[in-house]
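What follows is a short report on a single structure.
The values are calculated or read from the model by the stated rules, or taken from the named source; none is laboratory data. Treat the numbers as computed from the prediction; the structure is a model and nothing was measured. Quick reminder, even Gly has a Cβ in these numbers, built from the backbone with ideal geometry, and neighbours come from all protein chains shown.
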Amino acid sequence: MKLKCLGVESTAHTFGASVVESDISQKGYEKSTCDILSNEKDTYTTEKGGLIPRELAEHHYKVAPIVVKEALSKAGVKLSDIDIIAFSQGPGIGNALRCGAVTARQLALSTGKPLIGVNHCIAHIEIGRKLCAATDPVMLYASGANTQIICYENEYYRVFGETMDIGIGNFLDNFGRELGLGFPAGPVLDKEYFKGTKLINLPYTVKGMDLAFSGLLTSAKKNIPLIENGKMKREDLIHSTLHNAFAMLTEVTERALAHTEKKEVILGGGVGCSKALQEMVGKMCEERGAKLFVPPSSVMADNAAMIAWTGLVLNTKGHKLNPSSAKILPKQRTDDVKVDWR
Ligand code: FE2
């Protein structure tokens, strides 16, 4: 029998809802299907960048019923056809998470269907593993707020390295904002990266297995007046800034591969869509004889299909929450969750 899970994502800018169908209960993880019947979203944006938590919550509460309705109708199902309700429980912005949790709790209470709380970062890993048929990859999770290098070891997804200050996506947006680019700046910066030819000397900060981006950001911003004076080419500054940031991510990913002796790397998070990052990590994998998996963009950026799929996975182990008391976990870490489904 196939089960349908309605997933709700709301950790940050994106409010998403998705219906995923699978025969995982009968066939187990490896052999099961994962049919994404719908994957809808509405994203909060501001003209000048920056996020206002109160406005973010208002946006999510406004779009929640519409996005859920769209997810059901695109999937061609009624709410009564849904077997499981899953939501992103953490980590994330409290105001945003609360909206997803309230929506999912109401849906679970009104249908009497089981409610499952999903860790957002783990959902990125699980959807990537499933859609790419990767068995045991090192994940480079590079998004706005999160930057982590994660590997499975002894029943936990362990964080081998992470940012000590800002997420790589926030770093790119902040740099882009100073250059007068809109939000999100990543796609524009990515195109400019390939036009630059000269490497400018900028900070490169890897400490042990962790990374820091704020020194690089400050230095990159300090160079912007040189573009305005005509002393530096804009594409060269962008090329050099992205080069250092992505080389830092690649270095830590390579060291995680070397330490764990794993043979696969998978990208996740919105910054995973960057062609520059894919090229750099791809070269490193090639040199090491490892395989790089790049999931479809629709599941690399924040989305609800990954929550619905992980809900189906967790359901096989009976992970259920009481809808009347299910809480959000804004500070939940990837390595807080015991992985009993692998
Ligand atoms: Fe994410």
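Do we have A134 as surrounded by fewer than 24 Cβ atoms within 10 Å (Cβ to Cβ), within 15 Å of the chain's Cα centre (by Cα) and either within 15 Å of the ligand (Cβ to nearest atom) or among the small types (G, A, S) (or both) here? No; evaluated as a whole, the condition is false for this residue. So is K130 touching a residue at least 24 places away in the same chain (Cβ under 8 Å), touching a helix residue (DSSP H, G or I) at 6+ places or on another chain (Cβ under 9 Å) and assigned to a loop (DSSP other than H, G, I, E, B) or not? When the stated conditions are applied, K130 does not pass them. Filtering M139, M164 for residues that are of a type in the set (A, V, I, L, M), within 16 Å of the ligand (Cβ to nearest atom) and either touching a residue at least 40 places away in the same chain (Cβ under 8 Å) or crowded, with 19+ Cβ neighbours inside 10 Å (or both) leaves a single hit, M139. Residues in the range 95-114: is at least one over 29 Å from I24 (Cα atoms) and of a type outside the set (D, E, K, R)? Yes; the residues of the range 95-114 include at least one that is over 29 Å from I24 (Cα atoms) and of a type outside the set (D, E, K, R). Applying the set (1) within 15 Å of the ligand (Cβ to nearest atom); (2) in contact with a strand residue (DSSP E or B) (Cβ under 8 Å, 6 or more places away or on another chain) to V281 leaves exactly one unmet item: (1). When each of L189, L257, L181, L226 is tested for being free of Cβ contacts under 8 Å to residues at least 24 places away in the same chain and crowded, with 19+ Cβ neighbours inside 10 Å, the lone residue that passes is L181.
Conditions (1) at pLDDT 95 or above; (2) closer than 28 Å to H239 by Cβ; (3) surrounded by fewer than 18 Cβ atoms within 10 Å (Cβ to Cβ); (4) not polar (S, T, N, Q), marked per residue:
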{"site": "E287", "(1), (2), (3), (4)": "yes, yes, yes, yes"}
{"site": "A290", "(1), (2), (3), (4)": "yes, yes, no, yes"}
{"site": "M306", "(1), (2), (3), (4)": "yes, no, no, yes"}
{"site": "T310", "(1), (2), (3), (4)": "yes, no, no, no"}
{"site": "L321", "(1), (2), (3), (4)": "yes, no, no, yes"}
{"site": "S324", "(1), (2), (3), (4)": "no, no, yes, no"}
{"site": "K338", "(1), (2), (3), (4)": "yes, no, yes, yes"}
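Of all the numbered requirements in (1) within 16 Å of the ligand (Cβ to nearest atom); (2) in contact with a strand residue (DSSP E or B) (Cβ under 6 Å, 6 or more places away or on another chain), S274 misses one, and that requirement is (2).
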